[in-house]
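To start, the structure itself, in structure tokens.
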Amino acid sequence: MKRFGVPLIALLIVALSAAVYAAVPPDKAVINSIQKLKPGVPFDHRAHVMRAADCKECHHKMGEERKCSACHFGAKLKDVYHRQCKNCHKKQGKGPTRCEGCHKK
């Protein structure tokens, strides 16, 4: 049994490290899953993480899947992005609230 202990522990460490790495979102992304008429929206996740008190401010359901599109689809997803982002920007008094502020040409 002892000869399996060290490899088993090493395997667990690798598996946990991979799970943590997979859960970390990219620093920057482009939200373009629903764009039809306007260009995608560059999104600086790192900057938003630094401003938010808690991840649940944006990700109201913190499960395995953290993407909005996991629960919200199509026009509903577009409404969620617009409502969530614009309302927060207005509340904070920072960030764009008009189309061209996010959808750069």
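Just so you know, all these numbers are worked out from the coordinates, no wet-lab data involved. Not measured: the values here are computed from a predicted model. Ideal geometry is used to build each Cβ from the backbone, glycine not excepted, and the neighbour counts take in all protein chains shown.
Which of the pairs LYS67/LYS104; LYS36/LYS91; LYS38/LYS86 have their Cα atoms more than 20 Å apart in this structure? Provide the component values of the computation, followed by the final result.
Numbers: LYS67/LYS104 22 Å; LYS36/LYS91 28 Å; LYS38/LYS86 17 Å.
In this structure, LYS67/LYS104; LYS36/LYS91 lie more than 20 Å apart at Cα.
I'd like the FRET efficiency for ALA52 and HIS72, computed as 1/(1 + (r/R0)^6) with the beta carbon distance as r and R0 of 22 Å, rounded to 0.05.
0.70
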